[in-house]
Amino acid sequence: MEANEQLTSAKQLLDPQLQKKIRIKTLTKSSVVIRSTLIILALLSIYAFISFDYKQLDVGEAVLSTFANLKAMFLEPHLKHFTFTHALYQVFVTLGLAFLTTLFGAIIAVFLGLLAAENLTNKRVSSMIKGSVAFIRAVPTVLWVLIFAVAAGLGSVAAVIGMTFHSVSYLVKAYSESFEELDNGVIEALQASGANWWQIIFQAVIPSSLTYMISWTFLRFEINFAVAIAMGAAAGAGGIGFDMFMASNFYLDIREIGAITYFVLAIAILLEMVAIRFKKKLKVNG
Amino acid sequence: MTALLEVNHVSKQFGSDTKALSDVNFSVNEGEFVSIIGPSGAGKSTLLRCINRMIDATSGEIIFDNMNVMNLKKKDLKKVRTKIGMIFQHYNLVNRLSVIENTLHGNLGKKSTLAGVLGLYSQEEKEQAVNILHVLGLDEHIYKRADQLSGGQKQRVGIARALIQDPRMLLCDEPIASLDPNSAKIIMDHLRNISTKLGITVLVNLHQVDVALKYSDKIIGVNHGQVVYNGSPKDITKEDIQLIYGSEAEDLIFDVGGIHAS
């Protein structure tokens, strides 16, 4: 009985609030912005679908022939215009391009990253480097390669310079952020014992952030591999990307594209596996 | 006994209105064990860091070993810093490196840039590190990574890193604040030993008044950036404690009389 009474009294207490709807989320500025963005995007999508110019294309038929193309590409792959060993060699050329640009990028980025980390330099130098690096990063890699192609001509040189350029900007951000993660106390401790900047960097900062640095560099290597394929096609940098370009635009051979795609996929999976192995080892020993 | 450290009229101002230290005066003799006590935010850490110029004091002079630390150029300052070891509440070790590597870091200030960067240490330095670690009871942990140690062990590595500098003075910023009573006692005993056996001056920031009274030769009480007590732990009274902490001594969770009795 008593419990019941208590319950009813609790209900009475709640009642005035129940009449007013209780909101869990308050309407803040950010939620308004997010909602209106979503609504605008939805409206734009609907408008886009309505205003498409289908050119008397039968959607069903188009989908079916796309599937037919995909089937030819991936279920009946073959190599016609070059041999398996040639393809393998070209994949290694592409890997080489990715490796070279990542290596160059990493070396330059370590030093710029040190200068960009706020806890290691002053704020002005840091924000200057971070700003310029953000600008470089905002322009896609392909565009940088084409810009450098003006001076170096289309080909591998432009690709190496352009890709290195973008790798540097990407890695500077990644590295400097992992340097900034370091506890300031450690730097203070070494400063208090009279150690100088370079000693602190190599004895405390880099050992502490080595795992992050390696995993970021590996990620960039994977990105650079993908970009190197595109560069082969777009900038004539050679490698498997160029063969893909030839197969699609020159020989119009869908099945060969399928075969090359499988090649690239195999390498990508291999890279991923190596990266995972590597990181596991680092976590245990490092 | 000569004064190793003299702090004269030192003030420190952060920004335009926050005064961390105002007109602090005291001196510390060679081989003395001095505790600085006071409530949180009283300026203890700032005071300690002004001595080796991790923070630059606004005015006043700090005489260490007959040199005015305040006027030193970068190079001389580094030289002075090699003679002053520092120990921290959070140990501040490089977690990914081994105990012996962390210990040897204390020597970086005396090495050339290149040798320090590459981590090249002489056989002598390595032997010294092993000896110090042995004295501190860390023999089995020499090759362990610093983050695999317990808090007390980490703090002992911190002490080892300071001792390998062959310092004249140790600055300890809350060395036992994150430790359990057992490890805290081990650390304080080590610090006391360093002071008596090696003749190294030890300056400790402490929160535990009872610990400070038990271990020190001299107590410096700080409140609101000012020295409000400076003298022997034997002469400290309830009124002094009240002055330092700004509360009734009875309210604090220790017993002054009991400590004097023991």
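The values are calculated or read from the model by the stated rules, or taken from the named source; none is laboratory data. Computed from a predicted model, the values in this text were never measured in an experiment. FYI the Cβ positions are ideal-geometry reconstructions off the backbone, even for glycines, and counts take in every protein chain you see.
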Inset, instruction - For residues that are on the phi > 0 side of the Ramachandran plot and assigned to a helix (DSSP H, G or I), tally how many sit in the stretch A:146-160. - result: 0
Legend entry - Checklist (1) within 8 Å of chain A (Cβ to nearest Cβ); (2) surrounded by fewer than 23 Cβ atoms within 10 Å (Cβ to Cβ); (3) in contact (Cβ under 8 Å) with a residue 40 or more places away in the chain applied to B:I55, failing item: (1)
Inset, instruction - Would you mention how many residues in the stretch A:143-186 are under 15 Å from the mean Cα position of the chain (by Cα) and closer than 15 Å to A:A234 by Cβ? - result: 2
Inset, instruction - With a cut-off of at least 3 residues that are among the aliphatic types (A, V, I, L, M) and at the interface with chain A (Cβ under 9 Å from one of its Cβ atoms), name the helices (runs of 4 or more DSSP H) lying wholly within the stretch B:75-146. - result: B:113-118
Legend entry - Residue match in the stretch A:241-258 (condition: more than 9 Å from every other protein chain (Cβ to nearest Cβ), in contact with a Pro (Cβ under 6 Å, 6 or more places away or on another chain) and either over 28 Å from A:A116 (Cβ atoms) or modelled with pLDDT of 90 or more (or both)): yes
Inset, instruction - Assess whether A:L79 counts as being closer than 30 Å to A:L210 by Cα, in contact (Cβ under 8 Å) with a residue 60 or more places away in the chain and not charged (D, E, K, R). - result: no
Inset, instruction - Determine which member of the set B:K73, B:K12, B:K79 is charged (D, E, K, R) and within 20 Å of B:A160 (Cα to Cα). - result: B:K79
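Quick grid of which residues meet (1) of a type outside the set (V, I, T); (2) in a helix (DSSP H, G or I):
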residue: A:Q56; (1), (2): yes, no
residue: A:G60; (1), (2): yes, yes
residue: A:S65; (1), (2): yes, yes
residue: A:A68; (1), (2): yes, yes
residue: A:T85; (1), (2): no, yes
residue: A:I107; (1), (2): no, yes
residue: A:R137; (1), (2): yes, yes
Inset, instruction - Confirm whether A:S36 is part of a helix (DSSP H, G or I) and in contact with an Asp or Glu (Cβ under 7 Å, 6 or more places away or on another chain). - result: no
Legend entry - Pairs where the first residue, in the stretch A:119-143, is within 22 Å of A:E181 (Cβ to Cβ) and the second is of a type in the set (K, R), C-beta under 9 Å, 6+ apart: A:K130/A:K173; A:V133/A:K173; A:A134/A:K173; A:R137/A:K173
Inset, instruction - Please indicate, with yes or no, whether at least one residue in the stretch A:210-218 is facing chain B (nearest Cβ under 9 Å), surrounded by fewer than 21 Cβ atoms within 10 Å (Cβ to Cβ), under 13 Å from A:Y175 (Cβ atoms) and among the polar types (S, T, N, Q). - result: yes
Legend entry - Evaluation of A:W198 against (1) within 14 Å of chain B (Cβ to nearest Cβ); (2) closer than 23 Å to A:K281 by Cα; (3) surrounded by fewer than 23 Cβ atoms within 10 Å (Cβ to Cβ) (one fails), failing number: (2)
Inset, instruction - Could you figure out which of (1) facing another protein chain (nearest Cβ under 9 Å); (2) under 30 Å from B:D173 (Cα atoms); (3) among the β-branched types (V, I, T) isn't true of A:I206? - result: (1)
Legend entry - Flag if B:V69 is closer than 17 Å to A:N196 by Cβ, within 14 Å of another protein chain (Cβ to nearest Cβ) and surrounded by 18 or more Cβ atoms within 10 Å (Cβ to Cβ): no
Legend entry - Pairs where the first residue, in the stretch A:205-225, is of a type in the set (K, R) and the second is part of a helix (DSSP H, G or I), C-beta under 7 Å, 6+ apart: A:R220/A:T102; A:R220/A:G105; A:R220/A:S167; A:R220/A:Y170; A:R220/A:L171
Inset, instruction - Take A:A233 and decide whether it is without any contact (Cβ under 8 Å) to a residue 24 or more places away in the chain and farther than 30 Å from B:H105 by Cα. - result: yes
